[in-house]
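The values are calculated or read from the model by the stated rules, or taken from the named source; none is laboratory data. Source: prediction; values computed, not measured. Here the Cβ positions follow ideal geometry from the backbone for every residue, glycine too, while neighbour counts run over all protein chains shown.
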Amino acid sequence: IGFRDMEFLQFSHFPRLKEIWHGQALPVSFFNNLRHLVVDDCTNMSSAIPANLLRCLNNLMYLEVRNCESLEEVLHLKELNADKEHIGPLFPKLFELRLTDLPKLKRFCNFTGNIIELPELENLTIENCPDMETFISNSVVHVTTDNKEPQKLTSEENFLLAHQVQPLFDEK
C-alpha cells in the first residue's frame, strides 16, 4: 500500500484536519516519488508534517505551507530521538521552501540535537509570519548560498547582529 507514483500532493481547505498522518511511521516507499507538497488553508493544524512522515519525503523538492491559522511549526520532530547529534538531511533534495500567511508560526521545527541539514535548499521564502521567532530552534543550521559555501560570521559580527535584530537562525 502506498502512493509510490504520486509526484504532486496538495491539501487545501480542510478546516478540521489536524494531521496529515496519524499513527505508525510509514514505509520509506510510501511517497517514494513525491516531489511537490502543498498544505493550504488547513486552519486546525498545529504542525504540517509529523516526524513519522519524514522518511517518506526523501525526494521532495518543493514544500509550500500557506494560510494555516493555527500552525505553530512546519515539522513536528518531538518523536525523533533527541540524543542524536546529527539527524542528517531532512529533505535531501528540497530545492524550494515557501512559508506564507502563517500568523501563529513560531519556527520551521524544534530539534534538540546538534545539526539539521537542508543541503539542496536554494529558495527560501517566508512571508507574513508575524510570530516567527527562529527558523530551527536548539540546533546548528547549515544553509548555503548559490556558491555552496557556508556563510560564517566572526564572533564580533554575530554579537553585533544578535543585539540588533531577533535571529531567524539559532546557533547553539
- Item | Scan of region 33-52 for residues that are more than 11 Å from residue 8 (Cα to Cα) and surrounded by fewer than 20 Cβ atoms within 10 Å (Cβ to Cβ), ordered by number | 40, 41, 43, 44, 46, 50, 51, 52
- Item | Hits in region 61-92 - residues which are touching a Phe, Trp or Tyr at 6+ places or on another chain (Cβ under 9 Å) and at pLDDT 85 or above | 61, 62, 63, 73, 74, 75
- Note on the structure: Inside region 7-21, the number of residues satisfying the requirement of being in contact with a Leu (Cβ under 9 Å, 6 or more places away or on another chain) and of a type outside the set (D, E, K, R) is 6
- Those residues that are assigned to a loop (DSSP other than H, G, I, E, B), within 12 Å of the chain's Cα centre (by Cα) and at pLDDT below 90, I need them from region 93-130; list them, please. 111, 118
